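What follows is a single structure, written as structure tokens, with notes after it.
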Amino acid sequence: MSPARICSALFLLAAAGCLPFNDAQFDPDGYFWAVIHLFCMGAYKILQKSQKPNALSDIDQQYLNYIFSAVLLAFASHPTGDLLSVLDFPFLYFYRFHSSCCASGFLGFFLMFSTAKLKSLMAPGQCAAWIFFAKVITAGLSILLFDVIPTSATLGCLLLGGLGEALLVFSERKGA
């Protein structure tokens, strides 16, 4: 593993580890589900590495990831109490909430589909650069569109995460 990849991983871990402590709108439930998501992604990566390479297409791998996450989250939502408290969610009966959920699902699907096509058409370094560009735009739009209380520490965490992603792209372009 190259020094650039190690630094990238350390920057990403530091940014992710510091963000909850500097979040002005800290909600432990949101971070709990983020940790569950990280475990799902880790289990998926372990499953992916344990199988023969190229045994599944990129799209099949994404479908497997979605199914695994949905099943795990469905079983995890009952013991945490989130399954029963969904009826108390204040935006449950607003059409804007439902249309936003549907739009998020469709856009996520099209993003996954276009990423799979992009990976098959471009060199790995170029593809990583485009994905990095998409992440930067997404992070910027998220700050503008959502009700965020930006602090210098929060922005520092975002910049550190961006630096980690940029180092990862750099290391992949160099073929290290």
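Worth pointing out:
- In Å², nearest 10: area of T80 left accessible to a 1.4 Å probe: 60
- P(r) weight above 19 Å for the range 1-72, C-alpha pairs, percent: 54
- Note on the range 33-131: the alpha carbon radius of gyration divided by the globular reference 2.2 N^0.38 Å gives 1.33.
- S99 paired with F21, simple spin-label distance in nm, labels 7 Å along Cα-to-beta-carbon: 4.3
- Over the chain, accessible surface divided per residue gives 73 Å², non-protein components excluded, 1.4 Å probe.
- Placing +1 on the Cβ of every Lys and Arg and -1 on the Cβ of every Asp and Glu, with no other charges, gives the range 115-176 a dipole of roughly 300 debye about its Cα centre.
- Share of carbon and sulfur in the accessible area of the chain stands at 73%, probe radius 1.4 Å.
- Sorting the segments 90-102, 125-137 by their residues' average number of neighbouring beta-carbon atoms within 10 angstrom, most packed first, yields 125-137, 90-102.
- Estimated [θ] at 222 nm from DSSP helical runs (n ≥ 4, -39500 (n - 2.57)) normalised by residues in the chain, nearest 500: -26500 deg cm²/dmol
- Here the Kirkwood formula puts the hydrodynamic radius of the range 75-176 at 16.9 Å, using every distinct Cα pair.
- Highest average first, the peptides 113-119, 81-87 ordered by how many other beta carbon atoms sit within 10 Å of their residues are 113-119, 81-87.
- Alpha-carbon Debye profile of the chain, log10 I(q)/I(0) at 0.10, 0.17 Å⁻¹: -0.50, -1.59
The values are calculated or read from the model by the stated rules, or taken from the named source; none is laboratory data. Bear in mind that the values here come from a model prediction, so they are computed numbers and not experimental data. Neighbour counts are summed over all protein chains in view; Cβ atoms, including those assigned to glycine, are modelled from backbone coordinates with ideal geometry. We work out accessible area using only protein heavy atoms, side chains counted, and drop any ligands, DNA or RNA first. Shrake-Rupley method; radii C 1.70, N 1.55, O 1.52, S 1.80 Å.
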